[in-house]
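Heads up: the structure comes next, in structure tokens.
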Amino acid sequence: MTGSGQKLTVQTSNIAKHNTYTVSLKNAITHTDGSWNPTMTFVVTVLDPCRTTAINAVDVAAGITLQLGNTATLDFLEAVDAVETSSSIKAICGPKSYVVVDSSDVAITWISIAKKTGVTGTYTITAAPVLESFIGANNYKLWTTLDNYKTAYSHAGRKDTLVVTVQDAVCDCSGVVRDPPALVTHNGKVADGGTTVNIPVATINEVNSKAVGPKIRKCYPTPGCSNAATFVVKRSDNSNLPSFLVNTGTAVTVTPLNGDAVGEHLLRIVMTPTYGTVQTYDMLKVVITCTIASVNDVAAPTTGLTYTLYATTHSIDLS
């Protein structure tokens with residue numbers, strides 16, 4: 001406050017100055033007839049209108065409708081309060097915050113609000129429900145508050161009705177997760193006639209898959225999620241299979257014909273399922289051995305069995 005002549009000037013933008021102030025004006029008068037000291041006392045009230053300002057309605061009447069497990073958005077314009085309107089000064093009462101709450105003013109954790117990138121003065125509400133308990137029409141409130149006044153001065157802010165309608169999920173198996181198979185070992189022998197070995201398959205883990213989200217939960221117990229897949233089999237170093245191993249779709253035929261097949265062969269399975277991510281695992285081992293059971297007698301030679309002393313070197317054919 002400053003005084004000049006017969007005028008008292010009051011001006012401040014400090015919100016802490018909101019108060020009542022007792023002002024005393026004293027004067028000193030000197031005259032040939034005497035001297036006087038008249039005084040006057042009055043109260044000046046400094047009001048911060050932001051403490052009680054009304055916030056204008058925020059238009060979220062369109063609401064949000066989406067399926068469980070999906071994400072949907074709704075844009076709204078930044079709220080304006082009465083002081084902004086009367087003063088024509090944007091955000092004169094300071095920043096505002098927005099949150100979606102239930103009837104108990106508890107924030108809805110699956111609904112977020114953020115400034116819209118690249119668009120001044122616009123905010124985006126994003127809803128992403130994942131629990132079946134959210135299905136139905138949810139009557140929430142968009143609660144707008146003044147950051148500088150909500151707690152410090154108990155400004156109630158404004159609540160506008162926001163209806164978020166969540167529809168039931170639709171079955172979608174694309175997010176299923178699998179457990180790798182156990183190692184399968186096939187033991188074969190050279191010239192054993194050949195064997196067909198089923199390719200070990202990574203199986204869907206129903207419990208863990210359901211935890212991924214409501215779209216998978218909707219698939220159980222029926223119709224369930226298919227574990228159909230195609231398979232590519234190579235050596236564990238990603239080189240091609242040797243000729244005695246042939247991938248026949250869901251199996252490997254093992255036909256060891258000679259000693260080239262002897263040894264341990266660890267195979268890499270690349271499983272490309274209809275639903276879910278590609279699975280790669282080294283879980284098929286082919287072990288080929290060779291056992292000599294007997295050796296056939298060789299017929300004795302019948303010709304060239306005579307050698308004449310002093311003659312040149314003589315050879316007898318034993319083949």
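The values are calculated or read from the model by the stated rules, or taken from the named source; none is laboratory data. If you're wondering where the values come from, they're calculated on a predicted model, not measured in any experiment. No Cβ is skipped: glycine too gets one built from the backbone with ideal geometry, and neighbour counts run over all protein chains shown.
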Scan of the stretch 165-189 for residues that are farther than 28 Å from THR291 by Cα and either among the charged types (D, E, K, R) or in a loop (DSSP other than H, G, I, E, B) (or both), ordered by number: ASP168, ALA169, VAL170, CYS171, ASP172, VAL176, VAL177, ARG178, ASP179, PRO180, PRO181, ALA182
Any chance VAL233 is buried (at least 16 other Cβ atoms within 10 Å of the Cβ) and not polar (S, T, N, Q): yes
Selection within the stretch 85-127 - modelled with pLDDT under 95, of a type outside the set (A, V, I, L, M, F, W, C) and within 16 Å of ASP147 (Cβ to Cβ): LYS90, GLY94
Matching residues in the stretch 138-162 - criterion: being more than 18 Å from ALA114 (Cα to Cα) and under 25 Å from the mean Cα position of the chain (by Cα): ASN138
Within the stretch 60-85, considering residues that are over 30 Å from the mean Cα position of the chain (by Cα) and of a type outside the set (Ser, Thr, Tyr), the one surrounded by the fewest Cβ atoms within 10 Å (Cβ to Cβ): ALA82
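Is there a residue in the stretch 31-39 that is loosely packed, with under 11 Cβ neighbours inside 10 Å, in contact with a Leu (Cβ under 7 Å, 6 or more places away or on another chain) and either of a type in the set (S, T, N, Q) or touching a residue at least 60 places away in the same chain (Cβ under 8 Å) (or both)? Steps first, please.
Let us first name the residues in the stretch 31-39 that are loosely packed, with under 11 Cβ neighbours inside 10 Å, namely 31-39.
With the extra rule that they be in contact with a Leu (Cβ under 7 Å, 6 or more places away or on another chain), the set shrinks to 39.
In the following step, the residues that additionally are either of a type in the set (S, T, N, Q) or touching a residue at least 60 places away in the same chain (Cβ under 8 Å) (or both) were identified as 39.
Yes, the conditions are met somewhere in the stretch 31-39.
Could you tell me which of the residues LEU68, LEU77, LEU47 is in contact (Cβ under 8 Å) with a residue 40 or more places away in the chain and over 30 Å from ILE216 (Cα atoms)? I'd like the intermediate steps shown before the answer.
Numbers: LEU68 fails: over 30 Å from ILE216 (Cα atoms); LEU47 fails: in contact (Cβ under 8 Å) with a residue 40 or more places away in the chain.
None of the other options fit; the residue is LEU77.
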Breaking point among (1) touching a residue at least 40 places away in the same chain (Cβ under 8 Å); (2) within 20 Å of ASP105 (Cβ to Cβ), for SER133: (1)
Residue list for the stretch 86-99, filter: loosely packed, with under 13 Cβ neighbours inside 10 Å and either without any contact (Cβ under 8 Å) to a residue 40 or more places away in the chain or not assigned by TED's automatic domain parsing to the domain that holds VAL130 (or both): SER86, SER87, SER88, ILE89, LYS90
Residues located in the stretch 117-158, provided they are in contact with an Asp or Glu (Cβ under 7 Å, 6 or more places away or on another chain) and surrounded by fewer than 16 Cβ atoms within 10 Å (Cβ to Cβ): GLY121, THR122, THR124
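Would a scan of the stretch 55-62 turn up a residue that is modelled with pLDDT of 95 or more, in contact with a helix residue (DSSP H, G or I) (Cβ under 9 Å, 6 or more places away or on another chain), of a type outside the set (Asp, Glu) and under 26 Å from ASP147 (Cα atoms)? Steps first, please.
To start, the set of residues in the stretch 55-62 that are modelled with pLDDT of 95 or more comprises 55-62.
Narrowing further to those that are in contact with a helix residue (DSSP H, G or I) (Cβ under 9 Å, 6 or more places away or on another chain): 55-56.
After this cut, where a residue has to be of a type outside the set (Asp, Glu) as well, the list is 55-56.
Then keep just the ones that are under 26 Å from ASP147 (Cα atoms); that gives 55-56.
The answer is yes, given that some residue of the stretch 55-62 is modelled with pLDDT of 95 or more, in contact with a helix residue (DSSP H, G or I) (Cβ under 9 Å, 6 or more places away or on another chain), of a type outside the set (Asp, Glu) and under 26 Å from ASP147 (Cα atoms).
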Qualifying residue in the stretch 231-241 (condition: in contact with a Pro (Cβ under 9 Å, 6 or more places away or on another chain), of a type in the set (S, T, N, Q) and under 22 Å from VAL278 (Cα atoms)): no
Candidate set from the stretch 15-30 (those that are of a type outside the set (Ser, Thr, Tyr), touching a strand residue (DSSP E or B) at 6+ places or on another chain (Cβ under 9 Å) and free of Cβ contacts under 8 Å to residues at least 24 places away in the same chain); member that is nearest to ILE89 (Cα to Cα): VAL23
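Considering only residues that are small (Gly, Ala, Ser) and not in a loop (DSSP other than H, G, I, E, B), look in the stretch 190-246 and name the one that is nearest to PHE134 (Cα to Cα).
Of the stretch 190-246, the ones small (Gly, Ala, Ser) are 191, 193-194, 202, 209, 211, 213, 224, 226, 228-229, 236, 239, 243.
Restricting the remaining residues to those that are not in a loop (DSSP other than H, G, I, E, B) gives 209, 211, 229.
On the way: SER209: 20, ALA211: 16, ALA229: 34 Å.
Among them, the one singled out is ALA211.
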